[in-house]
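Structure, as C-alpha cells:
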Amino acid sequence: MSQTYELSCDCGKATLTARGEPELSLYCHCPSCRALYSVDIASLTAWSDDNIDLPDASQLIVHKLPDREMTRYGCAECGMTLYGRHKPGMPVVPHGVFRKAHGGQLPQPLAPTMHLFYGDRVLDVADDLQKSQGGELVGL
Ligand SMILES: [Zn+2]
Ligand SMILES: [Zn+2]
C-alpha cells in the first residue's frame, strides 16, 4: 500500500501532497543548500514530479538564490517554506515539513540514507550513514 503524506504550512492555506517513496532522503552539506535554507545542514527528501502535488503558484512566495539554479517556495500568507527546486530539478521537501505534520516525528520510510557533499560541511556528524564527499553517491 502506498503511503500518502498530507502537508501544509503554518496557516494551512498552502498544501502539498506526497505519495509513495521519495527518490532520495538525505542530509546535504553543499553551500547552495546551506544558503537556500539558511541552515548548516539541509535535511531533505526529493520527489519525482509524478508523486507530488504542489500548491498553485498564486499561493506561493519565491526565493531564488542569486546566480544559482536554486529556488525555495513558501506560503504567500504565512511565509513558511514548503519546498524547493534545486539544480537537478526534482521538488525537494525539507524533513521538517513532514515532522510538523507527524507530531514532530519523521515518518520511518523517509529516514535519510546518506550525507551528500560532506566535503563541504561546516559541522561534523558522527553517524553511520554513508558520506559522499561530493555528489557521487547520487551521480551528481
Ligand atoms: Zn501559510
Ligand atoms: Zn545541497
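Charged neighbours of S58, selected by a Cβ distance under 14 Å, balance to -1 (K, R count +1; D, E count -1).
Whole-percent P(r), region 4-138, all Cα pairs, 5 Å bins from 0: 2, 10, 21, 24, 22, 14, 6, 2, 0.
Could you please report the charge total around C78, scoring K, R as +1 and D, E as -1 over all other residues with beta-carbon less than 11 angstrom from its beta-carbon? Net charge around C78: -1.
Given a cut-off of 24 Å, name the pairs among K64/K131; K87/K131; K13/K64 whose C-alpha atoms lie farther apart than that in the structure shown. Don't skip to the answer; put the middle values down first.
Details: K64/K131 28 Å; K87/K131 20 Å; K13/K64 22 Å.
Pairs exceeding the cut-off: K64/K131.
Summed over the residues of the chain and divided among them, the accessible surface reaches 53 Å² per residue at a probe radius of 1.4 Å.
What is the sum of charges around Y37, taking Lys and Arg as +1, Asp and Glu as -1, for the other residues whose C-beta is under 14 Å from the C-beta of Y37? Before the final figure, lay out each step's value.
Numbers: positive: R34, K64, R68, R72, R85; negative: D40.
Net local charge, Y37 excluded: +4.
In loop segments of region 18-85 as defined by DSSP, the trypsin sites (Lys or Arg not before Pro) with at most 14 further C-beta atoms inside 10 Å of their C-beta are R68.
The values are calculated or read from the model by the stated rules, or taken from the named source; none is laboratory data. Note that this is a predicted model, so its numbers are computed, not measured. When we count neighbours, we look across all protein chains shown, and the Cβ atoms used for this are built from the backbone with ideal geometry, even at glycine. For accessibility, only protein heavy atoms count, side chains too; no ligands or nucleic acids. Shrake-Rupley method; radii C 1.70, N 1.55, O 1.52, S 1.80 Å.
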